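What follows is one structure encoded as structure tokens, with my remarks underneath.
No lab work stands behind these numbers, since they all come straight from the coordinates. Here the structure is a predicted model, which means the values were calculated and not measured. Please note: Cβ atoms are built from the backbone with ideal geometry, for glycine as well, and neighbour counts cover all protein chains shown.
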Amino acid sequence: MTGPQRAGVPEWLATSLNFCSRCSAPLSFGPLPAEERDRLACRACGFICYVNPRLVVSTLPVTDDGRLVLLRRGIEPGYGSWAQPGGFLEIDETAEEGAVRETLEETGYRVEPTSVVGIYTRPQAAVVVICWEARIVGGEARTSVESLEIKPFWPDAIPWPQIAFQTTTWALRDWLVRQGAAEHSASARPSTSWPADSA
């Protein structure tokens with residue numbers, strides 16, 4: 001896919017959408033019969049390449065004494081910054097199963113999701129993030145290739161300047177509101193300062 005950014009497809013993603021996954025012919029962007037918006041399509045075989053957001057599933061694990069567990073990321077994007085555990089949903093699992101798996105992989109904790117904190121959309125990053133509050137039911141904190149550090153925070157100690165993603169900021173703010181502690185989000189990073197392709 002060449003030329004100017006196509007409406008509806010982030011530029012960073014558009015650069016990888018050049019050829020048909022069925023016949024390898026070039027894709028082109030434009031109007032199609034029976035479609036209400038311009039689409040990527042293959043003129044050779046007629047395949048329509050629908051570009052859909054990816055689903056990210058995550059948790060905010062909470063300790064018995066009310067602290068929130070975050071991890072310091074060991075991979076990009078956001079290397080060295082703090083985020084909730086989470087990742088892309090696999091094709092053979094439910095959303096809750098994916099959130100539990102990702103939390104175990106990244107923190108060592110087995111969790112039980114209790115309620116949805118929020119659903120967050122970042123079209124610039126082509127993601128939809130679901131975040132659950134979760135009760136820790138087993139395991140113990142351990143780092144992994146994806147996490148440099150696992151640490152519980154009191155609401156007034158959340159490291160706002162070092163939060164990795166805008167969706168993490170939104171989830172933390174919503175969680176604090178649920179706890180009656182919204183005042184602790186006053187130093188959160190402004191929404192205008194996030195890279196376009198980060199969650």
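Here are the numbers:
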item: Alpha-carbon spread of segment 1-98, three principal axes, descending order, Å; result: 60, 28, 24
item: DSSP-defined beta bridges in the chain - what % are antiparallel, rounded to 5; result: 75
item: Relative packing of peptides 135-141, 85-91 - highest average C-beta neighbours within 10 Å first; result: 85-91, 135-141
item: Least to most buried among 28, 185, 21 (fewest other Cβ within 10 Å first); result: 21, 28, 185
item: GNM result for the chain, Cα springs below 10 Å: residue of 125, 41, 95 fluctuating most strongly; result: 41
item: Acute angle (nearest 10 degrees) that the helix 95-107 long axis makes with the longest principal axis of the chain, alpha-carbon atoms; result: 60
item: Value of [θ]222 nm, deg cm²/dmol, for the chain, DSSP H segments ≥ 4, -39500 (n - 2.57) each, nearest 500; result: -4500 deg cm²/dmol
item: For the chain, size of Cβ-based charge dipole, Lys and Arg +1, Asp and Glu -1, in debye; result: 580
item: Footprinting exposure proxy for 120, 50 (fewest neighbouring C-beta atoms within 10 Å first); result: 50, 120
item: For 109, 79, order by how many other beta-carbon atoms lie within 10 Å, fewest first; result: 79, 109
item: Rounded tilt (10° steps) of 166-178 against the dominant C-alpha axis of the chain; result: 40
item: nm² value of the averaged projected area, convex hull over the Cα atoms of the chain; result: 12.9
